[in-house]
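We did not get these values from a lab; they are worked out from the coordinates using the rules stated. Small disclaimer: the values here were computed from a predicted structure and weren't measured. Quick reminder, even Gly has a Cβ in these numbers, built from the backbone with ideal geometry, and neighbours come from all protein chains shown.
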Amino acid sequence: MLAVLGQEYPGVQLFGIDREPKQLAFAREHLARAGVDATLQEADALALPFADESFDHVWMMWFLEHVADPPAALREARRVLVPSGAITAVEVDYTTVRTQPSTSALEALFRAMAHGMAASGWNDAGTRLPGWLREAEFRRVDQGERPFWWQSDEVAREAPYAADVAESALDALLQLPGTDEGELRAGLADLRTLPQQPGAGLGWVVHKSTAVR
Ligand SMILES: C[S@@+](CC[C@H](N)C(=O)[O-])C[C@H]1O[C@@H](n2cnc3c(N)ncnc32)[C@H](O)[C@@H]1O
């Protein structure tokens, strides 16, 4: 995400945090490949190692879905913003994932993914995001709801990616009550062959909400 921001806004001073050293190591390599300078630091988003009013903008993506108390993380983000500062937060709603055509195995796979996210965080963080921002006292919240629907070449790129993500979570999904290994593996196979189906599409709803301090 920092690489995209650095390329879109050359000259902007970028800082990034993560509490996982291996995520930071990956980010360092990725930023070097992208030719973007950013200061990365190991830190907890709920206790940022920055003074009040340090930043013009805070950007977070696919993060609040993992946090037990999202408004607390947003309040901490608000603390480090200057009074005229703004936030952009991007989160998806996993309960909205769908394909065209669909199969019962694909639906079972997406249901299991949504249950898995709910078990470890939030599966509908995107839909909750505007409310969380208001709870953290952000103003002028723009809900930024964006339905994505990939077709043709895009579905050929996105379906294998979605299948890789789902497959990497398979062991955890099989621990959930009511999941069946054969059905989930059939769903993965259907997702991998989705791009070969006539008129294939894959989509979900993403929220890119913005707000000011
Ligand atoms: C799905 S990834 C986000 C990816 C990133 N936004 C990007 O675009 O590449 C979620 C990240 O949040 C980190 N994380 C979760 N809870 C955190 C916390 N309390 N403080 C800091 N990082 C946290 C995880 O280690 C993980 O790297």
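Listing for the model above:
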quantity: Sites residue 47 and residue 107 - FRET efficiency at Förster radius 45 Å, r taken between beta-carbons, to 0.05; calculated: 0.65
quantity: Highest-MSF residue in the chain out of 95, 103, 127 [GNM, Cα springs under 10 Å]; calculated: 103
quantity: Three-way shape label, segment 2-127, alpha-carbon gyration tensor, a/c 1.5; calculated: prolate
quantity: Neighbour-count ranking [beta-carbon atoms within 10 angstrom, fewest first] of 17, 87; calculated: 17, 87
quantity: Cα centroid separation - segment 15-61 against segment 132-206, whole Å; calculated: 26
quantity: Residue order, fewest to most beta carbons within 10 Å, for 94, 9; calculated: 9, 94
quantity: Antiparallel content of DSSP bridges confined to the chain, in %, to 5; calculated: 65
quantity: Whether the chain is rounded, prolate or oblate, judged on the alpha carbon gyration tensor where a/c under 1.5 counts as rounded; calculated: prolate
quantity: Helix-derived mean residue ellipticity, 222 nm - over the chain, DSSP H n ≥ 4, -39500 (n - 2.57), to 500; calculated: -13500 deg cm²/dmol
quantity: Ranked 22, 208, criterion: other C-beta atoms within 10 Å, fewest first; calculated: 22, 208
quantity: Max mean-square fluctuation residue, GNM over the chain, Cα-Cα springs under 10 Å, options 100, 196, 143; calculated: 196
